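Everything on this sheet refers to the single structure shown next.
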Amino acid sequence: MLFLYNIAITLADFFLKIIALFNPKMKLFVAGRKTVFETLSQKIKPQDKTIWFHAASLGEYEQGLPVIEKIKEKYPSHKIVLTFFSPSGYEVRKNNTVADATVYLPMDTKKNTQRFLKLVHPEKAFFIKYEYWPNYLNELKKSNTPTYLISGIFRENQLFFKWYGQFYRNALNTFTYFFVQNEASKKLLLQLNKTNIAVSGDTRFDRVAAILEKDNSLDFISQFKNNTLTIVIGSSWPKDESLLIEYINSSTQNVKFIIAPHNIKAEQIQQLKNSISKKTVLFSEKENKNLAEFDVFIIDTIGILTKIYSYADIAYVGGGFGNPGVHNILEPATFGVPIVIGSNFSHFAEATALVNLGGCISITNQNELKNAFDSLISNDTIRDEKGAICSNFVNTNKGATSLIIENI
């Protein structure tokens, strides 16, 4: 089976290079991997002690960040190597300060894995949440490198638990320890006779809780808000925006709106601005303007949404009308903000929990969106109660990072 897998990976590598000629994102995926080994040879020397973390994309990086930071504290003489599989993770966090070398993960061919691990020679390896690359895992096993899965989550529909999934089950044999998010994941692994498991919870709670200790002030947001009740719309997609724009345009209440779309391409940002009838300003146009005069602020940049949530009285988190579903709701939750989302959230444990607890409202149509917003705007008590549920939820779920560090 490994032989067939290696053929498939080699073919995939070939065809991806062809697709990259026509697809901008795939072009980044392919081009970014061309310099990986050169970068590693420059930044990692044979005498260096190293620890390797792998994140599929941006969400997994954010999830693993608390552990990376603690490992860096615990092993100050070691170099941290961070790899990404996806451009959406690498391109955003390639200039992070926590890792000594940040690169794309080379494709999982035997030649690549052997060359990569020879250059990196990690003393420990961490895979965040998921991604199980058989050649990398097998080579780590051969070299007796302790290998951990952190914030892991397993579901019955994964290949590991199918009758034909033996090849993928074999990949799990390479892990030294599994730190999983919930009891359901542990039970599934126990069915495979895995006992090297701890239910540690989700490290994202530690990351978002730590946000409160940072300086989250943004003068231009404070100027725009001007002590007015503000709804922050984060990571919105067109399906979210079609409902939100109708509400914004028809609203007669004294409310301001901040929109941070998922896609910030200039053409789409301009279309969004043109569809709003109220006085609207873009982040890129904010200089020399009296921001307090505007009703809607569109954030056509990245990297500041977390801080913006600290100014929210109500948050709408996008993605809940598409696949794979709603974006990160923990960032507004940690600030004690009541949250509204779309209906596609069932694959996200934190969203499901907060909907069940009542801190988060799920809507399916325009009328439900209007009712949710109107209720939260007009009733301070409801807004405060739901906000408190959100902040308490984050606080009670902290501690995964400490448990992982203590058990390594």
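The values are calculated or read from the model by the stated rules, or taken from the named source; none is laboratory data. All figures in this text were calculated on a predicted structure; none of them were measured in a lab. Glycine gets a Cβ as well: all are built from the backbone with ideal geometry, and neighbour counts include every protein chain shown. Ligands, DNA and RNA are excluded from the accessible area calculation, which covers all protein heavy atoms including side chains. Shrake-Rupley method; radii C 1.70, N 1.55, O 1.52, S 1.80 Å.
So the values come out like this:
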{"quantity": "Residues of segment 165-192 satisfying the condition of being part of a loop (DSSP other than H, G, I, E, B) and under 22 Å from the mean Cα position of the chain (by Cα)", "calculated": "Q181, N182"}
{"quantity": "Filtered residues of segment 262-283 (kept if surrounded by fewer than 17 Cβ atoms within 10 Å (Cβ to Cβ) and more than 25 Å from the chain's Cα centre (by Cα))", "calculated": "E267, Q270, Q271, K273, N274, S275, S277, K278, K279"}
{"quantity": "Residue that is modelled with the highest pLDDT [pool: residues in segment 302-333 that are of a type in the set (A, V, I, L, M, F, W, C) and open to solvent by 40 Å² or more (accessible area, probe 1.4 Å)]", "calculated": "F321"}
{"quantity": "Of residues in segment 35-68 being within 21 Å of S235 (Cβ to Cβ) and of a type in the set (A, V, I, L, M), the one modelled with the lowest pLDDT", "calculated": "L58"}
{"quantity": "Pairs, first assigned by the TED database to the domain that holds S251 in segment 277-297, second of a type in the set (S, T, Y) and open to solvent by less than 40 Å² (accessible area, probe 1.4 Å), C-beta under 6 Å, six or more apart", "calculated": "V296/T280"}
{"quantity": "Residues of segment 218-248 satisfying the condition of being part of a loop (DSSP other than H, G, I, E, B) and either open to solvent by less than 30 Å² (accessible area, probe 1.4 Å) or not assigned by the TED database to the domain that holds K273 (or both)", "calculated": "L218, T228"}
{"quantity": "Given (1) over 19 Å from I211 (Cα atoms); (2) surrounded by 14 or more Cβ atoms within 10 Å (Cβ to Cβ); (3) among the acidic types (D, E), number of the condition D380 does not satisfy", "calculated": "(2)"}
{"quantity": "Top-ranked residue in segment 334-357 [being farther than 24 Å from T306 by Cβ and modelled with pLDDT of 95 or more; ranked as least open to solvent (accessible area, probe 1.4 Å)]", "calculated": "S343"}
{"quantity": "Matching strands (runs of 3 or more DSSP E) fully within segment 31-150 where at least 3 residues are touching a residue at least 60 places away in the same chain (Cβ under 8 Å)", "calculated": "50-55, 101-104, 122-128"}
{"quantity": "Selection within segment 26-44 - open to solvent by 80 Å² or more (accessible area, probe 1.4 Å) and closer than 23 Å to I80 by Cβ", "calculated": "K34, E38, Q42, K43"}
{"quantity": "Segment 320-338 residues that are in the same structural domain as S362 (by the TED database), paired with ones that are among the acidic types (D, E) and buried (at least 24 other Cβ atoms within 10 Å of the Cβ) (beta carbon under 8 Å, 6 or more apart)", "calculated": "G320/D240; F321/D240"}
{"quantity": "Any pair with Cβ under 6 angstrom, 6 or more apart, that starts in segment 215-228 at a residue that is farther than 16 Å from I259 by Cβ and ends at one that is open to solvent by 20 Å² or more (accessible area, probe 1.4 Å) and among the charged types (D, E, K, R)", "calculated": "N216/K307"}
{"quantity": "A209 part of a strand (DSSP E or B), under 30 Å from I405 (Cα atoms) and open to solvent by less than 50 Å² (accessible area, probe 1.4 Å)", "calculated": "no"}
{"quantity": "Boolean, D202 is over 30 Å from L369 (Cα atoms), within 16 Å of the chain's Cα centre (by Cα) and surrounded by 13 or more Cβ atoms within 10 Å (Cβ to Cβ)", "calculated": "no"}
{"quantity": "Some residue of segment 145-161 being out of contact with any Gly (no Cβ under 6 Å at 6 or more places or on another chain), among the charged types (D, E, K, R) and open to solvent by less than 50 Å² (accessible area, probe 1.4 Å)", "calculated": "no"}
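Here's the yes/no breakdown for (1) open to solvent by 20 Å² or more (accessible area, probe 1.4 Å); (2) within 18 Å of the chain's Cα centre (by Cα); (3) assigned by the TED database to the domain that holds Y148:
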residue	(1), (2), (3)
K72	yes, no, yes
Y75	yes, no, yes
K79	yes, no, yes
F85	yes, yes, yes
E91	yes, yes, yes
N96	yes, yes, yes
Y104	no, yes, yes
K111	yes, no, yes
L119	yes, no, yes
